[in-house]
Amino acid sequence: MNRRRDPVGSWHGVAAAALGLAAVEGVAAAAGARSFVDAAGQLVVDHGPRPVVEHTVNLFKTVDKPVIRAAVAGTVLGVGGLLGRLPRAGGRDAALVAAVATLGAATSRRRPAVASPSDEQQVTAFAAVAGGLATLCALRAARLPDGLIFVAGLAGLLAAERGYERRQVRQDNTCRDVELLPVEPLPPARDGAEQWQGVSPLLTPLGDFYVTDANMRPPLVDLGSWRLDITGAVHTPRSLRYRQLAGLDLVEFDAAMVCVHNRLGWNRLGNQRWIGYPLLPLLETAGPIDGAKYLVTRAVDGWECSLPLQLLRETDAFVVLGMAGRSLTAAHGFPARVFVPGLYGQYTGAKWLTELRLQSEPNKDYWLPRGWPHGPAPVRPLSRIDTPVSGSRLTGRHLDVAGVAWAPPHGVEAVEIALDDQPWVLAELAAELAPAAWRRWRAHLPVSAGEHRVRVRCISRAAGPQEAVPRLPFPTGASGHHSLRLVVE
Ligand SMILES: Nc1nc2c(c(=O)[nH]1)N[C@H]1C(S)=C(S)[C@@H](COP(=O)(O)O)O[C@H]1N2
Ligand SMILES: [Mo]
């Protein structure tokens, strides 16, 4: 600990902070509490200015959360470096511990990561203090080289991260065994395009299905204490256990789920076979009173999204328990979520659902104070070229293009392709799995040598040709024609 040379002090501070953070994360992981890094990251997600959050989402797509975690860890190390420049060894380490502990206590109050242990927050704060103090003592007792301390810290952080990931995998494996049996199973999903080359699968494999939410990590819900409560403006409030829900007459349905952040050509949407129970009949078992106008869907961590009851009378809506032939995974909302095909994901209902509350007043949903408009926001019909990829060089005098188009809940009536400035021509359509699902298409076009641009658009059954004006996702979803450039040799 050389106090005369600043760079050494900084480096010692960084190393000490790495070890301290690893200790905090280790204690939290071992105690089954939430990660401190996640708790701090959650503050960024929940309170960061919308443009910053949007940019993070757009820049890092679905790895935005790991990036935020890395940024939090980096900040802690940076603060460690700054504190390392303070003259007194004892003072600076104690200051760092105090800073981490205060942050830990401050950040852990909201949005639990586990659904049942209510004292998880205190455990996190305790972990912050205990981990910090342990580090302080260790650093005092053993005068280890800073490089070693730093490496030990990083290794500890990675180990804690692995611990959290394993916890989620364990939960997914346990809940996989819950049997969900639809009363009338659908026939296997086929659309006749099974042999088409390069196009997206008809059903998006679970591993490729996008995950979007405002959580640093999905809450892990314990079925023993989990209930779905139907509350508010109802005559007979209900509280259902998972077994009761799973024992209802479940239905299967095929539908695309689309995130409002999906841009032209992106894959922030997925098509799947879902299993659940119709929402309105479920609400009716609690006897909504006449003045009930809104349904608030509330997640175990307090995230809320509301839907006008009138809309639920006009369109299909479900409490979903499973997708892709199994119960929901933690990432996709285990044990239950609300899904209204045809509404963008952030307006469709809560994952990790725990309450369906009827009320007469509009609700202050999670997205509202963050600048997003009131829902419900319908999905704009859109189409995507899956193959070839933009920038490809091709040979031959024909061009094979294929992709998917979606216009939930009413369906895709036609897909059209335009080469350069030529008129739109019809593409070949695969069979319609369900109106709310996406529909695969392909086209075989004559081309000359040279540079070309190919555009696609879909014609929706309810509203005609998709919107041509290019728009970014904020605030009502992207529009415009997905296009690609090619060189034919
Ligand atoms: N509880 C909760 N539910 C949520 C969200 C959330 O942040 N919290 N995000 C919504 C958004 S923005 C989308 S796009 C869909 C995504 O569902 P998926 O992750 O299963 O694809 O869930 C919705 N439900
Ligand atoms: Mo979303």
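Where a number appears in this text, it was derived from the coordinates with a stated rule and is not lab data. Model, not experiment: these values are computed from the prediction. Every residue, glycine as well, gets a Cβ built from its backbone with ideal geometry; the counts of neighbours run over all protein chains shown.
At a glance:
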{"item": "Cα-based helix-to-principal-axis angle, 6-30 vs the chain, degrees rounded to 10", "result": "70"}
{"item": "Relative pair counts by distance (%), Cα atoms of the stretch 337-489, 5 Å bins", "result": "2, 9, 16, 18, 15, 12, 10, 7, 5, 3, 2, 1, 0"}
{"item": "Fraction of alpha-carbon pairs over 19 Å apart in the stretch 360-418 - percent", "result": "57"}
{"item": "Cα-based shape type of the stretch 268-412, given that a ≥ b ≥ c are square roots of the gyration tensor eigenvalues and the cut on a/c is 1.5", "result": "prolate"}
{"item": "Karplus 3J(HN,Hα) series, Hz, for the stretch 352-364 with 6.51 cos²θ - 1.76 cosθ + 1.60 (x for Gly, Pro)", "result": "6, 4, 9, 9, 10, 10, 8, 8, 8, 9, x, 9, 8"}
{"item": "Descending semi-axes in Å of the chain, equivalent ellipsoid built from Cα gyration tensor", "result": "45, 31, 19"}
{"item": "³J(HN,Hα), Karplus 6.51/-1.76/1.60, whole Hz, each residue of the stretch 335-350, x for Gly, Pro", "result": "x, 8, 8, 9, 9, 10, x, x, 10, 4, x, 6, 10, 8, x, 7"}
{"item": "Simple Cβ-charge dipole of the stretch 402-489, Lys/Arg +1 and Asp/Glu -1, about Cα centre, in debye nearest 20", "result": "240"}
{"item": "Degrees between helix 146-175 axis and first principal axis of the chain (Cα, 0 to 90, nearest 10)", "result": "40"}
{"item": "HN-Hα J in Hz across the stretch 370-377 - Karplus 6.51, -1.76, 1.60, θ = phi - 60°, x for Gly and Pro", "result": "9, x, 7, x, 4, x, x, 9"}
{"item": "Using a Förster distance of 25 Å, the FRET efficiency for ALA95-GLU165 (Cβ separation, nearest 0.05)", "result": "0.20"}
{"item": "Between helix 120-141 and the chain: long-axis angle, C-alpha atoms, 0 to 90°, nearest 10", "result": "40"}
{"item": "Of TYR294, THR354, LEU429, farthest towards positive along the dipole that unit charges on Lys, Arg, Asp, Glu beta carbons give the chain", "result": "THR354"}
{"item": "Those trypsin sites (Lys or Arg not before Pro) in the stretch 1-82 that DSSP places in a loop and that have at most 10 other beta carbons within 10 Å", "result": "ARG4, ARG5"}
{"item": "Residue (of HIS398, VAL469, LEU158) at the positive-pole extreme of the chain, dipole from beta-carbon charges", "result": "LEU158"}
{"item": "26 Å Cα-Cα reach of LYS65 towards lysines, excluding residues that sit fewer than 8 places from it in its own chain", "result": "LYS351, LYS364"}
{"item": "Under 20 Å from the Cα of LYS293 - aspartates and glutamates, other chains or at least 8 residues apart", "result": "ASP229, GLU284, GLU304, GLU314, ASP316, GLU355, GLU361, ASP365"}
